[in-house]
Each structure stands twice: as C-alpha cells, then as structure tokens.
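Coordinate-derived values only; no laboratory data. Since the structure is predicted, the reported quantities are computational estimates derived from the model, not experimental observations. Virtual Cβ from ideal backbone geometry, glycine too; neighbours counted across all protein chains shown.
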Amino acid sequence: MSQTITEPIDAVVIWVDGNDPYHAEKRTKALRDEGLITSDQLPTGHHKTRFIDNGELEWCIKSIRKFAPWIRNIYLVTDNQIPAFLNRQAQKNFKVKVVDHTEIFKSYEWALPTFNTRSIESVLWRIPGLSEKFIYFNDDFVLTAPLTKEHFFKGRKVVVRGNWRKITHYGNFRLKLNHLFSKVIKKLLGITRSMHLLLQIRSAQLSGFKKRYFYVPHVPHPVKKIYPRELFQEQSTAV
C-alpha cells in the first residue's frame, strides 16, 4: 500500500530574461573579463537564444497552480530580475517567492555573476525556507493535467523518469557534425540546439558508470534536498 505524503512540497523554477539589455551587457562583460571573447559577439553556447524570454514562465506558474495546487510555495530563482507580470499582488496570489542568486550563493560570491544552469542547480538546496522535498522546473515546463504528490514521490523515494542507455563516445567528427546541424537549426528556426545528453553521459562517467547512463528527459525533476546538500558539502571538503 502506498504511503500518503503529508509533508510540504515546494516547486523551484529558474528563470532569466535574456531580453534585458542590462543582463546581456553583464553576460558579455563576464565573458570578456574571462578572456572567452574579445568583442561583443557571443559564441553559440552563450547566444541570446539560450537566455531569451518568450513568456513561458507565466504559463509555467499558472499551470502549477491549476494542476498541482498542493505545491506549497513556488520559488523563482533569478539574477536581480522580476518578470513584468509578477507584481506584488501576483506573487501573493500565486504564492511565489523570488530568490536572487546572491541568496543561494551566499559565502560563494566569488562565483557571481554566473550564467551557467549547472552551477545554479548545484545550490538550489540553499534556498531559505525550501521544503525537504521539492520539484525542480525549467521556466518552459507547462503542466497539462492534474498531478498528485505521488507522481513525484513514493514514500521516501523519488520517482525518476527516463531510461538506461548505452554510453556512446562522441569524437571530434561527431561533435563537428552536431555543431553544423545546430547552425542549420538556428538559421531555419532561430533556436540553438543543446546537447544535454553529453552532460548526462559525462556525469555518469564521473559517478563510476562505464557502460550505461540513465537518460533523463526534459521534465520536472523531484529532488530530496538532503542529497545535493551532502554532495555539495562533500565536494567542498574535498577541495
């Protein structure tokens, strides 16, 4: 018999408005200071299509409140930005708490500014007041049907969606082919293709997996705060 989950569960959404000239200028300056670019021309991995805001966030938040009303708070993680639709009254109505990067990177200010999703994800557990169990959303996730807590957590366990895949080697030729394909996609559709599976493969290898990795699709992820917290503290001690 499944155990009913009674403890609170929050949602965490990370968001950036790449249309903001100030943010774009800050991003360009950071890259220039690091010597990664010598002009105002951003490379593909840092292209504005990776940061552009198309208004998905509003639908993401509204869908959470409509189809997962049991979520206690929605924490919106931003870089000194607040979306236009999310005024004080809207924040109250949708139970949204805006969290700035400076809060979750407290004592690690040397890492700011950061425009890397992975570095931000590594400290989401540091959000003040965040529940021990939470669900991580990207701003382009939209729920389309009613969901329960048990869709994400089963007792003390998280529900992981995905499948095991064979670790595939990506040599120079395959990477160059992917880069060419990305350029074509960007020219035709105006979007930048991202190879997240390469990150998943590398993460599996660093964790000791040699033949297989668990492929996780682009869906909301349930998280138990204790695990990223312990890993973060463990790696901090190792350094």
### Message
How would 59, 164 line up from fewest to most surrounding beta-carbon atoms within 10 angstrom?
### Response
164, 59
### Query
Counting only residues 5 or more places away or on other chains, whose amide H sits under 5 Å from the amide H of residue 131 once H atoms are built in the peptide plane?
10
## Note on the structure
Taking a ≥ b ≥ c as the square roots of the Cα gyration tensor eigenvalues, with a/c under 1.5 meaning rounded and otherwise prolate when a/b beats b/c or oblate if not, region 9-159 comes out prolate
### Message
Let me check I've understood the local charge: for residue 225, count other residues with C-beta under 11 angstrom from its C-beta, Lys and Arg +1, Asp and Glu -1. What total comes out?
### Response
+1
### Task
Please work out how much length the chain gains when fully extended from residue 19 to residue 33, using 0.36 nm per residue of separation minus the C-alpha to C-alpha distance, in nm with one decimal.
2.9 nm
### Summary
Ordered by fewest other Cβ atoms within 10 Å, a rough proxy for footprinting exposure, 209, 141 read 209, 141
#### Entry: Inter-site label distance for residue 106 and residue 82 at 7 Å from Cα along Cβ, in nm
2.0
### Query
Taking amide hydrogens as modeled 1.01 Å from N in the peptide plane, which residues meet the under 5 Å criterion relative to residue 154, leaving out close sequence neighbours?
159
### Query
Which far-off residues, 5 or more places away or on another chain, put their amide H under 5 Å from the one on residue 138, with H placed in the peptide plane?
none
### Query
For region 115-178, what percent of Cα pairs sit more than 14 Å apart?
77
